[in-house]
1. How many residues, within region 262-291, are more than 20 Å from the chain's Cα centre (by Cα) and within 19 Å of Ile209 (Cα to Cα)?
2. Kindly check whether there is at least one residue in region 60-75 that is crowded, with 17+ Cβ neighbours inside 10 Å, outside any helix (DSSP H, G or I) and within 16 Å of the ligand (Cβ to nearest atom).
3. Exactly one condition in (1) modelled with pLDDT under 95; (2) more than 29 Å from Leu10 (Cα to Cα) is false for Pro233; which is it?
4. Could you list, ordered by first residue, the pairs with Cβ atoms under 7 Å in which the first is in region 108-122 and β-branched (Val, Ile, Thr) and the second is surrounded by 12 or more Cβ atoms within 10 Å (Cβ to Cβ), at least 6 apart or interchain?
5. Keeping to region 138-163, report how many residues are more than 10 Å from the ligand (Cβ to nearest atom), over 18 Å from the mean Cα position of the chain (by Cα) and farther than 24 Å from Ile52 by Cβ.
6. Does region 39-47 contain any residue that is surrounded by 23 or more Cβ atoms within 10 Å (Cβ to Cβ), more than 16 Å from the ligand (Cβ to nearest atom) and either in a helix (DSSP H, G or I) or of a type in the set (S, T, N, Q) (or both)?
7. Filter region 206-236 down to the residues that are in contact (Cβ under 8 Å) with a residue 12 or more places away in the chain and out of contact with any Leu (no Cβ under 9 Å at 6 or more places or on another chain) and list them by number.
8. Can you pull out the residues in region 86-111 that are within 14 Å of Leu148 (Cβ to Cβ) and near the ligand (Cβ under 9 Å from one of its atoms)?
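The values are calculated or read from the model by the stated rules, or taken from the named source; none is laboratory data. Bear in mind that the values here come from a model prediction, so they are computed numbers and not experimental data. Ideal geometry is used to build each Cβ from the backbone, glycine not excepted, and the neighbour counts take in all protein chains shown.
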Amino acid sequence: MHLNRPISDLLVRNRPVLSIEFFPPKDEEGGVRILRVAKELREQLQPDFVSITYGAGGSTQECTHQYAKVLKEDLGFEVMPHLTCVGASNEELTAIIARYQKEGFCNLMALRGDPPKGSDTFVQHPDGPRYATDLVKLIRRTFAGFSLGVAGYPEKHPESPSAEEDLLHLKEKVEAGASFITTQLFFDNSKYFDFVTRCRKIGIEVPIIPGIMPALSYPQVQRFCAMCGAEIPEALSQKLEAAENDKDTMESVGIDWAKEQIVDLIRNGAPGIHLYILNRAKPALKLLEALRSEGIFTH
Ligand SMILES: Cc1cc2nc3c(=O)[nH]c(=O)nc-3n(C[C@H](O)[C@H](O)[C@H](O)COP(=O)(O)OP(=O)(O)OC[C@H]3O[C@@H](n4cnc5c(N)ncnc54)[C@H](O)[C@@H]3O)c2cc1C
């Protein structure tokens, strides 16, 4: 049976939280795959919660909702649907959130969102929120009981003029009512630890869950990093480059790097891990096996 549990409650237990991010499938084949992967991960990995993204440009709103329901009702996960401000009025967003609440969801990831494909700037709906902070405020104003995640950027949001300014806006987001922060992916743990220290220094006290993506394909990782501003450490680049023509070796390099990152993060106090696995089960299972051999996520 599925129990609705706010993620903020999960984060106060004395064991690290494991979460997995899915994205809504683009076609029927993808739909079959996500269900198979989710089932496999539920059985073998038992994440504490899963999240499901909201397509860039708000393009998959219905699909996000559809799969959030399937993951919750059919597969029994605690689910955190993502929601963005892109192209949406306050009224539309209120209707979406009301539907989630009626259906028993108690967790949401509140984001500004990326601009739609083909555009490189975010355009606010004339009657909609400008920043994620405004979305958090809208939710807190209108609804009770949601545990709200927001995004944080250890290496700064790419549009922000400075790390200091970005952090002040993150603080506003938390003061507006965010319950926890999930970070953008990073490959160098010192960026996360430094980010946490800087957050604490300016009074951001909520849990900060590190987002980790195993680097399974060098070109893909380069693309993601170019978009989100994360650096690929030289040592990782060299290993991935050396494995350029060997997919299996490249995957092993990525899994091994992610394992080392996670072991270090958990042993040094991170409240859990949010895994970006791009709807793939095998690498996540391999990674978990490696982590369990280190005594991590053995529950
Ligand atoms: C964990 C995670 C999950 C994500 N999931 C999705 C998803 O499902 N769908 C999707 O489209 N994208 C997703 N993204 C990407 C995210 O939408 C982009 O990074 C987006 O560009 C910023 O979203 P945000 O919520 O961080 O925005 P905001 O917090 O609004 O920040 C955006 C920029 O505005 C600045 N800013 C904030 N407030 C102010 C202010 N008052 N005045 C001036 N500047 C300000 C910030 O410093 C930052 O540079 C995700 C990112 C992360 C880390």
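1. 2
2. Yes, the conditions are met somewhere in region 60-75.
3. (1)
4. Final answer for the pair search is Thr121/Pro115.
5. Residues meeting the conditions: 1.
6. Among the residues of region 39-47, at least one is surrounded by 23 or more Cβ atoms within 10 Å (Cβ to Cβ), more than 16 Å from the ligand (Cβ to nearest atom) and either in a helix (DSSP H, G or I) or of a type in the set (S, T, N, Q) (or both), which makes the answer yes.
7. Of everything in region 206-236, those that are in contact (Cβ under 8 Å) with a residue 12 or more places away in the chain and out of contact with any Leu (no Cβ under 9 Å at 6 or more places or on another chain) turn out to be Ile208, Met227, Gly229, Glu231, Pro233, Leu236.
8. Those that are within 14 Å of Leu148 (Cβ to Cβ) and near the ligand (Cβ under 9 Å from one of its atoms): Met109, Ala110, Leu111.
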